[in-house]
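S.K.: If you scroll down you'll find the structure; I have some questions about it.
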Amino acid sequence: MKNEEITDKYYKEAVTGLNETILNDKDLWYSYVINLPLHLQIVYTIVVFHQQVFNGGLHQYFFNSYGQFAYLTVEHLKLIKAFKTSSILERAISQVNIEELSVDEFRAKIFSRELLRIADFDEELCDSLELLDNEYDDLDEDLEQLLVDYLESR
């Protein structure tokens, strides 16, 4: 089985129970994800992160509410040994969360689009996130391979 097929299989399993009702409630959505088995949490958070950043950048990741999983995603990236990617996301979080909100406050503001620097497309923040997007694009870290290696080793 190819790497893409492996990650797709697990991703489909991870999202099986997601529906509009869950996705429209930050607590239900977060609870759904953290109650998945660890390997499915990891697949979900990393695949979503990669898709968002690849398609529209880090700003899109945070703007589309997926950023509520940013802290969890950093942990998951480290678990699969994607240290370069986790470093980029950690730096993005520190730029987005300059108020140093708690994880729960940060999740709430990201989900409800109340983090004004993201919601209002703050130019300085967008520029700094774009630099991190470029760094992500140029990474010599094969995220999909690291994810598959993790899945096969468990």
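Residue-by-condition table, conditions (1) without any contact (Cβ under 8 Å) to a residue 12 or more places away in the chain; (2) within 17 Å of Leu132 (Cβ to Cβ):
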site	(1), (2)
Lys2	yes, no
Ile6	no, no
Leu18	no, no
Pro37	yes, no
Gly57	no, yes
Glu75	yes, no
Leu79	no, no
Ser112	no, no
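S.K.: While we're looking at this one, here's another question. Would you check if His50 is touching a Lys or Arg at 6+ places or on another chain (Cβ under 8 Å) and of a type outside the set (A, V, I, L, M)?
M.R.: Taking the combined requirement at face value, the residue does not satisfy it.
S.K.: Oh, and also: Under the condition of being over 16 Å from the mean Cα position of the chain (by Cα) and of a type in the set (A, V, I, L, M), which residue from segment 1-44 is nearest to Glu144 (Cα to Cα)?
M.R.: Taking the candidates together, the pick is Ile6.
S.K.: For Leu115, work out the one condition from (1) at pLDDT below 95; (2) on the phi > 0 side of the Ramachandran plot it doesn't fulfil.
M.R.: (2)
S.K.: Suppose we keep only residues that are in contact (Cβ under 8 Å) with a residue 60 or more places away in the chain and not in a helix (DSSP H, G or I) within segment 114-154. Which one would you say is farthest from Lys81 (Cα to Cα)?
M.R.: Looking at the filtered set, the residue picked out is Phe121.
The values are calculated or read from the model by the stated rules, or taken from the named source; none is laboratory data. Quick caveat: nothing in here was measured; it's all calculated off a predicted structure. We place every Cβ from the backbone using ideal geometry, glycine too, and count neighbours over all the protein chains shown.
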